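Taken together, the values in this text are just the output of simple stated rules run on the coordinates, not laboratory data. The model shown is predicted, which means the values in this text are computed figures rather than measured ones. Don't worry about glycine lacking a Cβ; one is built from the backbone with ideal geometry, like all the others, and counts go over all protein chains shown.
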């Protein structure tokens, strides 16, 4: 099992350019539901500079937020290109069978032939489905990088967080 600290920083998004003159700023939110940003109480940037979201609105598909105490464009500009974090224990508990991407990173991917295809380096969204990007690990059968769709019924048989394994229906030759 991969031991991870519960006070691990999890990135939620990255700030873009300021919007208007009253301290609003765009945020590229990494999650599926940007309005959820309001639910987090302990947000921070850099090394624990705590911030509080005062207002949130979504206009033309873009998330714009107002941070408490940031009241003009120049103050908002200081956050440009800064990543927004939350501690792992602040994330909502997911239903059984659902996972945050960071939980899958570094897990070994093993196929039905008991061959370890590599470790998950990261995941990427493709529009149709998420894809696991696996890189060779010390246990891999070869040194190939693989792109494996994260399709729960068709490809992914089981995710075992305790043993750090993802079981897949995927040949080493794909």
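Using every Cα-Cα pair within region 27-93, state what percent have a distance larger than 16 Å. Taking all Cα-Cα pairs of region 27-93, the fraction more than 16 Å apart is 47 percent. What percent do you get for the relative contact order of region 9-89 when only Cα pairs under 8 Å and 6+ apart count? So the answer I get is 45 percent. Ratio of Rg to Rh for the chain: 1.06 [Cα atoms; Kirkwood radius as inverse mean 1/r over pairs]. Think of it as helices only: each DSSP H run of n ≥ 4 in the chain is worth -39500 (n - 2.57), and spread over all residues that comes to -1000 deg cm²/dmol at 222 nm.
Straightening the chain between residue 90 and residue 49 buys 13.1 nm, computed as 0.36 nm per residue apart minus the Cα-Cα spacing. For the listed peptides 96-102, 110-116, a ranking on the average number of other beta carbons within 10 Å per residue, highest first, reads 110-116, 96-102.
If r is the Cβ-Cβ distance from residue 154 to residue 106 and R0 is 22 Å, what FRET efficiency results, to the nearest 0.05?
It comes out at approximately 0.40.
The modelled label-to-label distance between residue 83 and residue 21, using points 7 Å beyond Cα along the C-beta direction, is 3.5 nm.
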